[in-house]
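Engineer: Below: one structure in structure tokens.
The values are calculated or read from the model by the stated rules, or taken from the named source; none is laboratory data. Being a predicted model, the structure only gives us computed values, none of them experimental. FYI the Cβ positions are ideal-geometry reconstructions off the backbone, even for glycines, and counts take in every protein chain you see. Surface areas here come from the heavy atoms of the whole protein model, side chains and all, with no ligands, DNA or RNA. Shrake-Rupley method; radii C 1.70, N 1.55, O 1.52, S 1.80 Å.
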Amino acid sequence: MSAGTTREWLLSDHPESRRQARLGQAYRTWSQLRANRLAMVGLGVVVLLMVVALFADLIAPFDPLRGGDLRTERLLPPSFEHWMGTDDQARDIFSRIVHGSRLTLMVVALVAVIATPIGLAVGTTAGYFGGWVDIVLMRITDIFLAFPRLILALAFVAALGPGIENAIIAIAITSWPPYARLARAETLTIRQADHIAAIRLQGAGSLRIIWGHVVPLCLSSVIVRVTLDMAGIILTAAGLGFLGLGAQPPQPEWGAMIAAGRRFLIDFWWVATMPGIAIFVVSLGFNLLGDGLRDVLDPKGTK
Amino acid sequence: MSTPPGTPIEVDGLSVTFGSGAGALRAVRRVGFVLNRGESFGIVGESGSGKSTVLRAICGLAPVSAGQIRIDGAPVRTPRDAAFYRRVQMVFQDPYASLHPRHTVDRVLSEPLAIHGFGDVEARIEQALADVGLGHGFRFRFPHQLSGGQRQRVAIARALILEPSILLLDEPTSALDASIQAEVLNLLDALRRRRDLTYLLVSHDLAVVAHMCERLIVMRNGETVEELSRADLRARRARQDYTRDLLTASRGFVREPA
């Protein structure tokens, strides 16, 4: 099948199967996203992050945890051999940043996987049922919203010991309430719609309606919000690392690397700057992608 | 299809009140009517007369504050049970709002079958589409790939796929333009005769009701003004002033002879 006919098949107004209809819809969304150049830059950064994380062992030229000769190879400036220089333990900073992408990606993915479903479930349930269910769930949401992330992370660290896993849990627990709020607001407008009344008249149960009819309509705005929050999540994780509450040495977490380099920022600027640039680029990438997704997925936009 | 016993719909002293206390809105007050099997019954009235609320109360979307609703001779249960939904289905006014924007026609039609555990899904969907005059090419389209008339046909197919004996029609053509209106009305008429359905049609359009219904009631401010037959309507035999006004209004603007 040539490229032209594949495109026609995808854009057909007479899809022949469920799969063709779904793929066609996805292709239309993708075409719209592709037209947005900044979003494609953001997507490129995110894909690059994933590729680097996946092939970190192949890309990194040195061991990220064990440095070279402590007498001769400490705090070397960027050179052809060490692209981003070396730190105070004589470790290659480029290799550490490459391996650090795994930690960053893990934080982002786990927070998204934990927080998004919780937020969606709580928000759509509260919005759909209303009344007492709504009041109880939204007050619980308010309670979680009142926890400052860093303080909760401190509590977790005190209870479970410091580490990146506990930081992830703390971030996830404090980041779902905005999604619940958003999903609830969307649900309140959706539940009045005739198509919800129609499926109720077909005898569908609440679970089927919420999962099959309300969630798909809330999902796009929540996805956009999560993508835009990714930058904040990365920064929070880096901030926890900087405070020594997140990733523990010698893990190559970007925030912790900045904290280590802070001591000799004046004389050996590259030690703190390189991971800082990495955090900056990845955060920007997620923000650009989120902006582009909002333009494409927002159900209120023209379609 | 076996014919269930009793009258299909019997509404007696139905009242619907939204809210309570000083802000209470009495949308429907002591409305009653009886439908015969295979009949098409109309409810006519201006906007806000409570005619759509009567339909919504019958299928459980609006709270019944007083009175009784019987379907096939038995009082309805609140919340409505699965047997009710297989007997009574509804077509909504706005086909742009009554279809889920992210679901294909196929999904729209297969979901009720899945809920009620019908077998033979493929054949039923193809048949339902054919019945409303849509070909196979429409099966995997999304609502935004359909015109208003096609959407309303899908909505009718969805209502009929559970093989109900009673169809509640809430202004089924008022969101469509005139040429499509006639098509959809003729389709509904043909389906009723073919399947021996009972229709309860709500409309503000006297012409639509005169075309579709054997009998009708006129509603105003939540109350029944009077009950007419199609012959009464055609001969403009109205007993109440309000109905006469409606009849005059439906004729449109007529220039007074000078």
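Engineer: What FRET efficiency comes out for residue B:221 versus residue B:163 if R0 is 41 angstrom and r is the Cβ-Cβ distance? Round to the nearest 0.05.
Structural biologist: In this case the efficiency is close to 0.65.
Engineer: Further question on the same structure: To the nearest hundred square angstrom, how large is the accessible surface buried between B and A, total for both chains, probe 1.4 angstrom?
Structural biologist: 2700
Engineer: Given A:93, A:164, A:39, which one lies farthest toward the positive end of the charge dipole of region A:28-297, if we put +1 on the Cβ of every Lys and Arg and -1 on the Cβ of every Asp and Glu?
Structural biologist: A:39
Engineer: Just to confirm, what accessible area per residue do you get for region A:71-139 at 1.4 Å probe, in whole Å²?
Structural biologist: Per residue, region A:71-139 has an accessible area of 46 Å².
Engineer: Report, as an integer, the average count of C-beta atoms from other chains found within 10 Å of each Cβ along B:150-162.
Structural biologist: 1
Engineer: Given +1 on the Cβ of Lys and Arg, -1 on the Cβ of Asp and Glu, and no further charges, what dipole in debye does the protein assembly as shown carry about its Cα centre, rounded to the nearest 20?
Structural biologist: It works out to roughly 960 debye.
Engineer: While we're looking at this one, here's another question. Of B:109, B:21, B:140, which is farthest along the charge dipole of chain B in the positive direction, counting Lys and Arg as +1 and Asp and Glu as -1 at C-beta?
Structural biologist: My answer, from the dipole projection, is B:21.
Engineer: Please give, to one decimal in nm, the separation of the simple spin-label points placed at residue A:266 and residue B:24, each 7 Å out from Cα toward the Cβ.
Structural biologist: Here the modelled spin labels are 8.0 nm apart.
Engineer: Let me ask something else about it. With the full set of protein chains in place, find how many percent of the accessible area of region A:28-297 is carbon and sulfur; take the probe as 1.4 Å.
Structural biologist: The C+S portion of the solvent-accessible surface of region A:28-297 is 69 percent.
Engineer: Per-residue ellipticity at 222 nm for the protein assembly as shown, helices alone: DSSP H runs ≥ 4 residues times -39500 (n - 2.57), over residue total, nearest 500 deg cm²/dmol?
Structural biologist: The per-residue figure over the protein assembly as shown is -17500 deg cm²/dmol.
Engineer: Order of B:102-112, B:132-142 by packing, highest average Cβ count within 10 Å first?
Structural biologist: Taking the mean over residues of other Cβ atoms within 10 Å, the ranking is B:102-112, B:132-142.
Engineer: Along the positive direction of the dipole of chain A (beta-carbon charges: Lys, Arg +1; Asp, Glu -1; about the Cα centre), which of A:273, A:233, A:21 reaches farthest?
Structural biologist: A:21
Engineer: Taking each residue in A:203-209, count the Cβ atoms of any other chain within 10 Å of its Cβ, then average. What number comes out?
Structural biologist: Across A:203-209, the average partner-chain Cβ count within 10 Å equals 3.
Engineer: When you count, for each residue, the other Cβ atoms within 10 Å and take the mean per peptide, how do B:69-78, A:209-218 rank with the highest first?
Structural biologist: A:209-218, B:69-78
Engineer: Here's a follow-up. Please report the antiparallel percentage of the DSSP beta bridges confined to the protein assembly as shown, to the nearest 5.
Structural biologist: 50
Engineer: Count charges around residue A:90 for me, please; just the other residues with Cβ under 12 Å from its Cβ, Lys/Arg as +1, Asp/Glu as -1.
Structural biologist: -1
Engineer: Moving on. Could you pull out every whole DSSP H run in chain B that spans at least 24 Å of Cα extent along its own axis and averages -0.5 or higher on the Kyte-Doolittle scale?
Structural biologist: Those that pass (Cα extent of 24 Å or more, hydropathy at least -0.5) are B:178-195.
Engineer: Next up: Mind checking A:108-121 for the average number of partner chain beta-carbons within 10 Å of each residue's beta-carbon?
Structural biologist: 0
Engineer: Something else about it: Where in chain A are the DSSP H helices whose C-alpha atoms run 30 Å or more along the long axis and whose mean Kyte hydropathy is at least 1.6?
Structural biologist: Length and hydropathy pass: A:215-242.
Engineer: With +1 assigned to the C-beta of every Lys and Arg and -1 to the C-beta of every Asp and Glu, and no other charges, what is the dipole magnitude of region B:147-258 about the Cα centre in debye, to the nearest 20?
Structural biologist: Dipole size: approximately 300 debye.
Engineer: Placing unit charges on C-beta atoms (Lys and Arg positive, Asp and Glu negative, everything else neutral), compute the dipole magnitude of chain A about its Cα centre in debye, rounded to 20.
Structural biologist: Roughly 820 debye, rounded to the nearest 20.
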